[in-house]
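Inspection log for the structure reproduced underneath, given as structure tokens.
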Amino acid sequence: MTSNNPQTREWQALSNDHHLAPFSDFKQLKEKGPRIITNAKGVYLWDSEGNKILDGMAGLWCVAIGYGRDELADAASKQMRELPYYNLFFQTAHPPVLELAKVIADIAPQGMKHVFFTGSGSEGNDTMLRMVRHYWAIKGQPNKKTIISRINGYHGSTVAGASLGGMTYMHEQGDLPIPGIVHIPQPYWFGEGGDMSAEEFGVWAANQLEEKILEVGVDKVGAFIAEPIQGAGGVIVPPETYWPRIKEILAKYDILFVADEVICGFGRTGEWFGSDFYGLKPDMMTIAKGLTSGYIPMGGLIVRDEVVAVLNEGGDFNHGFTYSGHPVAAAVALENIRILRDEKIIERVHSETAPYLQKRLRELNDHPLVGEVRGVGLLGAIELVKDKATRARYEGKGVGMICRQFCFDNGLIMRAVGDTMIIAPPLVISLAEIDELVAKARLCLDLTLSALHG
Ligand code: PXG
């Protein structure tokens with residue numbers, strides 16, 4: 001523990017003595033002590049040492065409307081006083097969940113007018129897996145159980161979510177994936193495209209879906225799930241040829257398509273959903289994060305009308321959570337979506353801040369460490385390399401982690417996925433704050449380069 005501040009040390013001691021943090025090396029965290037985040041406003045966080053930090057990750061990709069909006073706190077408080085909880089299991093409902101389902105139906109792609117609510121994105125994908133299998137069973141094809149997913153995709157951390165995800169380091173713990181989930185390569189040209197052009201590689205990666213469908217047998221494949229743009233995998237924007245080819249393959253075979261919109265949904269691409277951005281026609285969409293701007297946990301699954309028509313013939317769907325459609329979460333989500341709409345935040349991302357961020361980020365291409373800058377909307381990735389021409393990495397140096405630490409120390413949160421630096425700031429970020437973000441990113445790239453050669 002390094003802090004001289006007694007209050008920080010006290011909180012870090014509590015962490016050491018009692019807290020098991022997600023996705024963390026417990027022992028290592030004890031040695032270092034967590035940074036204690038105490039308050040936030042707009043796009044900025046403050047820690048217990050008084051440091052002001054520009055949050056280039058919107059929390060964990062979720063704080064769309066920025067921190068500190070009283071309207072959401074007021075909505076929660078009002079709902080807690082009126083009806084803090086009631087379940088939706090036994091033929092009851094409550095106004096916030098019904099109003100929210102209608103508002104989501106209004107913004108979702110055409111023909112997707114029903115929502116099943118959950119407490120998180122992982123639960124949304126667990127719901128998806130059970131609903132897909134239930135759907136095919138109702139249609140008399142119970143063998144269509146297999147879900148095709150992608151290596152390095154992220155779909156959550158529950159048993160089904162982590163199995164659907166293609167993170168091998170997650171599969172290694174807990175004997176995953178569960179049966180009936182298979183993975184195909186990801187459309188990550190920079191990392192895996194070899195000698196192919198990005199366009200050729202996009203078609204190759206998409207064709208892996210068709211090959212897998214034929215290998216497993218179309219009579220056994222229930223669905224294909226994918227993020228429109230992979231988030232946790234490293235902001236992987238597929239080559240332009242990828243989604244058009246996937247759409248052709250999906251049209252050819254009778255399988256469902258699930259868009260995992262947990263990161264791309266609610267404006268991240270400058271459209272309401274990543275599926276709108278790419279012109280995809282999903283049968284189901286998983287949502288969470290931006291649905292409530294992370295102010296309170298909530299997720300869900302938006303379902304196409306034709307799928308609902310089949311489910312309607314299937315009797316009970318034996319699935320649900322205590323907190324499905326929680327009234328306080330629903331009230332917060334309603335207020336969050338009202339703000340996104342009334343303040344035209346997504347329109348502004350589309351026409352102003354996303355083009356500006358993408359232009360400014362690409363200026364970093366001239367930096368000796370930078371092999372590629374890519375991004376869509378308010379998502380960005382910077383690839384750190386040793387050799388720009390061959391895309392060779394600084395093997396074994398942990399360059400991403402070095403850069404991440406410099407960012408932390410200089411008041412910027414930018415994540416590292418291997419040697420890929422990623423950003424996803426709140427959707428309300430201003431042009432001046434984008435300038436600050438890019439200036440800090442450049443400074444940290446300089447510091448990283450000096451550390452490597454110093
Ligand atoms: N799908 C996608 C696309 C996600 O990004 C989930 C599902 C699961 O959502 P919940 O609410 O169950 O966490 C996510 C979550 C990271 C990171 O390291 C990303 C997520 C979660 C934790 C870490 O970028 N995304």
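The values are calculated or read from the model by the stated rules, or taken from the named source; none is laboratory data. Quick caveat, the model's predicted, so the values are computed rather than measured. Here the Cβ is made from the backbone with ideal geometry for all residues, glycine too, and neighbour counts use every protein chain on show. Protein only, heavy atoms only, side chains kept; ligands, DNA and RNA dropped before computing areas. Shrake-Rupley method; radii C 1.70, N 1.55, O 1.52, S 1.80 Å.
The set of residues in the stretch 271-292 that are small (Gly, Ala, Ser), farther than 12 Å from ALA64 by Cβ and in contact (Cβ under 8 Å) with a residue 60 or more places away in the chain contains only SER275.
Considering only residues in the stretch 24-61 that are assigned to a loop (DSSP other than H, G, I, E, B) and free of Cβ contacts under 8 Å to residues at least 24 places away in the same chain, the one that is surrounded by the most Cβ atoms within 10 Å (Cβ to Cβ) turns out to be PRO34.
Residue count for the stretch 62-83 satisfying the condition of being under 22 Å from the mean Cα position of the chain (by Cα), farther than 10 Å from TYR295 by Cβ and in a helix (DSSP H, G or I): 0. Kindly evaluate ILE287 against the criterion of being buried (at least 24 other Cβ atoms within 10 Å of the Cβ), touching a Lys or Arg at 6+ places or on another chain (Cβ under 8 Å) and aliphatic (A, V, I, L, M). It is false that ILE287 is buried (at least 24 other Cβ atoms within 10 Å of the Cβ), touching a Lys or Arg at 6+ places or on another chain (Cβ under 8 Å) and aliphatic (A, V, I, L, M).
Only residues that are farther than 25 Å from TYR169 by Cα and among the acidic types (Asp, Glu): list them for the stretch 9-27, please. Scanning the stretch 9-27 gives GLU10, ASP17.
One line per residue, one yes/no per condition, for (1) within 15 Å of the ligand (Cβ to nearest atom); (2) in the same structural domain as ALA381 (by TED's automatic domain parsing); (3) acidic (Asp, Glu):
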site: LEU129; (1), (2), (3): yes, no, no
site: GLY153; (1), (2), (3): yes, no, no
site: PHE201; (1), (2), (3): no, no, no
site: ASP219; (1), (2), (3): no, no, yes
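Out of the residues in the stretch 101-120 that are open to solvent by 10 Å² or more (accessible area, probe 1.4 Å) and within 9 Å of the ligand (Cβ to nearest atom), which is farthest from ILE148 (Cα to Cα)? The extreme case among them is GLY119. With respect to the conditions (1) within 16 Å of the ligand (Cβ to nearest atom); (2) under 23 Å from VAL332 (Cβ atoms), PRO84 lacks only one, and its number is (1). Evaluate the following for GLN141: is it more than 12 Å from the ligand (Cβ to nearest atom) and not in a helix (DSSP H, G or I)? In short, yes. Taking the stated definitions as given, is ARG442 in contact with a His (Cβ under 8 Å, 6 or more places away or on another chain) and surrounded by fewer than 19 Cβ atoms within 10 Å (Cβ to Cβ)? Criteria met by ARG442.
Where strands (runs of 3 or more DSSP E) fall entirely within the stretch 293-399, those with at least 2 residues that are more than 28 Å from CYS444 (Cα to Cα), open to solvent by less than 10 Å² (accessible area, probe 1.4 Å) and touching a residue at least 12 places away in the same chain (Cβ under 8 Å) are at 299-303.
Identify the single condition in (1) more than 15 Å from the chain's Cα centre (by Cα); (2) within 30 Å of LYS388 (Cα to Cα) that THR269 does not satisfy, given that it satisfies every other one. THR269 satisfies all of (1) more than 15 Å from the chain's Cα centre (by Cα); (2) within 30 Å of LYS388 (Cα to Cα) except (1). Taking each residue of the stretch 134-145 that is open to solvent by 70 Å² or more (accessible area, probe 1.4 Å) and looking for partners that are among the β-branched types (Val, Ile, Thr) with beta-carbon atoms closer than 9 Å, six or more apart or interchain, yields LYS139/VAL310; LYS145/VAL132; LYS145/VAL221.
Filtering the stretch 413-447 to residues that are of a type in the set (Lys, Arg) and within 16 Å of the ligand (Cβ to nearest atom) leaves only ARG415.
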